[in-house]
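The values are calculated or read from the model by the stated rules, or taken from the named source; none is laboratory data. All of these numbers come straight from a predicted model, not from anything done at the bench. Note that each Cβ is placed from the backbone with ideal geometry, even for glycine, and that neighbours are counted across all protein chains shown. Side chains are part of the model used for accessible areas, which takes the heavy atoms of the whole protein and leaves out ligands, DNA and RNA. Shrake-Rupley method; radii C 1.70, N 1.55, O 1.52, S 1.80 Å.
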Amino acid sequence: MENKEEIKIRKKRENPESRLQRACIKWFKLQYPKETIFAIPNGGKRGKIEAAIMKGEGVMAGVSDLFLMRGKEGCHGLFIEMKAKNGKLRENQRVFIEDAERKDYKVEVCYSLEEFIEKVNNYLNKK
């Protein structure tokens with residue numbers, strides 16, 4: 001039987017956005033095995049030293065969570081920002097989205113697996 005501390009730690013680690021993103025990636029890899037999608041690991045808690053190293057390596061706050069590496073209809077690729085239900089974009093995310101769109105990338109914000117499926121299918125199935 002779990003004690004209160006184990007339950008507290010497990011609950012703290014539960015992340016609805018992470019669960020959603022993992023489900024989306026699982027679906028994508030089954031549906032589009034020849035396409036390339038990858039995560040951009042900007043989020044999460046890090047120690048000061050690791051954060052400084054990552055910043056020096058080019059990690060940039062606000063960059064979308066996923067990138068689908070396929071150009072379509074004048075777009076160089078698709079950035080996808082994952083948000084849990086009722087999640088809100090931060091200002092640095094809005095700035096990144098505007099910058100990416102100015103540079104001819106498509107950007108979508110997805111709040112559910114169904115929304116992810118619809119937006120990815122629409123993007124990849126354009127002629």
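Remark: the chain carries 72 Å² of accessible area per residue (probe radius 1.4 Å; ligands, DNA and RNA excluded). Pairs of Cα atoms nearer than 8 Å and 6+ residues apart set the relative contact order; for the chain it is 24 percent.
Among the listed values [x] 11, 29, 16, 10, 13, 14, 7, 1; [y] 11, 38, 33, 14, 4, 1; [z] 14, 42, 28, 11, 4, 1, the one computed from these coordinates for P(r) over Cα pairs in 10 Å bins from 0, in percent is [y].
Please identify the GluC sites (Glu not before Pro) of region 55-87 that satisfy two criteria: DSSP loop assignment and at most 10 other Cβ atoms within 10 Å. Which are they? All intermediate terms of the calculation are to be shown ahead of the outcome.
Numbers: sites: Glu57, Glu73, Glu81; in loops: Glu57, Glu73.
Of the GluC sites (Glu not before Pro), the ones in loops of region 55-87 whose Cβ has at most 10 other Cβ atoms within 10 Å are Glu57, Glu73.
Of all complete DSSP H helices in the chain, those with a Cα span along the helix axis of 18 Å or greater and a mean Kyte-Doolittle hydropathy of -1.0 or more are 16-31. Think of the chain as a dipole: +1 on every Lys or Arg Cβ, -1 on every Asp or Glu Cβ, centred on the Cα centre; then among Phe79, Trp27, Cys110, Trp27 lies furthest on the positive end.
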